Amino acid sequence: MAPFDLDLARLDRLMLRHKGGLTGTDSGKRLSNKFGASLEFADYRPYLPGDDIRRLDWAVYGRSRRLFTRLNRSELDATVNIVVDGSASMAWGDWAKGRRSLALAFALAYISIRSYDRVALAVGAKEVGSYLPPVHGQAALARIQEFLAGQEFGRAGNLSDLLLSLKKNLRPNQFTVVISDFLSEWQPGLESIVLARQQVLAFFVESPDEAEPQWRGALTLVDSETGGEKDVDLDQFTLAAYRETREEHRREIADYCRSRGIGFHLYSAAADPVDFLAAIAPAIFRTG
């Protein structure tokens, strides 16, 4: 059975699209835009559109009828940091946002590992509580799966504080993915990641129960993080006001992300992560 019950093979030809200049901590296999200082041969990887055709190995093509790109020792890898909001609100809903977010994180990590990138993972509520330093190679997928499968959601959170605490683990010109329901302070944290010279991709996770509540009548709402209670009469007028406020909140985050060059995508926890990533592939991935 595939980790998190995902059809991961459907993601094999995807690679996160970057703006150029991503760096890592060691010699890697994502091609830079120019030859490195060393021409020492290191490895092959399948050809991807945009690769320098001068690096194609025609001898290998003659034997296999498949295109492969030669890689040199001096080439830089990309480090992809994936941070998941571990606050209690992420555990809410018929489709638990947290578990779906971990599955989404695994799918993104799988794509990155298959693309020969390094992957680091962070989960926390108000600060990074669990951290997996950058790993790479197919063998790392088992470590990533184990790390994500062991995460829990159950504390009051603050996304800005979480991202601020993550900064010490970041290096300039990396890729950082943020997965959250954005139900706490978020703007200072996102700003700090941008100022840390990251290429940022944000996923706004929403339960179907939040998108369209099915309850009606007199209700007592309980804050999943503080325990605070509020009595409401959920009629058509209250629902209309709720929908308007929800949409305004989503639009505020989307507009901010657009203004700062952050990729932004709304993810419904009811959707299979592989189906979701396949649907948005043209926006964030290269294919090979």
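Odds and ends about this structure:
- Remark: pairs (first residue in segment 265-282, among the polar types (S, T, N, Q); second residue part of a helix (DSSP H, G or I) and surrounded by 15 or more Cβ atoms within 10 Å (Cβ to Cβ); Cβ separation under 9 Å; 6+ apart in sequence or on different chains) = Ser268/Arg100; Ser268/Pro208; Ser268/Ala211; Ser268/Phe276.
- Residue within segment 112-122 that is in contact (Cβ under 8 Å) with a residue 24 or more places away in the chain, of a type in the set (Ser, Thr, Tyr) and over 28 Å from Tyr47 (Cα atoms) present: no
- Taking segment 116-191 and the strands (runs of 3 or more DSSP E) fully enclosed by it, the elements with 1 or more residues that are over 25 Å from Met15 (Cα atoms) and touching a helix residue (DSSP H, G or I) at 6+ places or on another chain (Cβ under 9 Å) are at 118-124, 128-135.
- The number of residues in segment 246-278 being part of a helix (DSSP H, G or I), of a type in the set (Gly, Ala, Ser) and under 15 Å from the mean Cα position of the chain (by Cα) comes to 1.
- Test: residue in segment 132-139 that is at pLDDT 95 or above and among the β-branched types (Val, Ile, Thr): no
- Glu146 at negative phi and modelled with pLDDT of 95 or more: yes
- Taking the criterion of being free of Cβ contacts under 8 Å to residues at least 40 places away in the same chain and surrounded by fewer than 17 Cβ atoms within 10 Å (Cβ to Cβ), the residues of segment 141-198 that qualify are Ala142, Arg143, Glu146, Gly150, Lys167, Lys168, Glu185, Pro188, Leu195, Arg197.
- Of all residues in segment 81-99, those satisfying the criterion of being more than 18 Å from Phe4 (Cα to Cα) and in a loop (DSSP other than H, G, I, E, B) are Trp92, Gly93.
- Some residue of segment 47-68 being surrounded by 14 or more Cβ atoms within 10 Å (Cβ to Cβ), modelled with pLDDT of 75 or more and in a strand (DSSP E or B): yes
The values are calculated or read from the model by the stated rules, or taken from the named source; none is laboratory data. Please read all numbers here as calculations on a predicted model, not as lab measurements. Please note: Cβ atoms are built from the backbone with ideal geometry, for glycine as well, and neighbour counts cover all protein chains shown.
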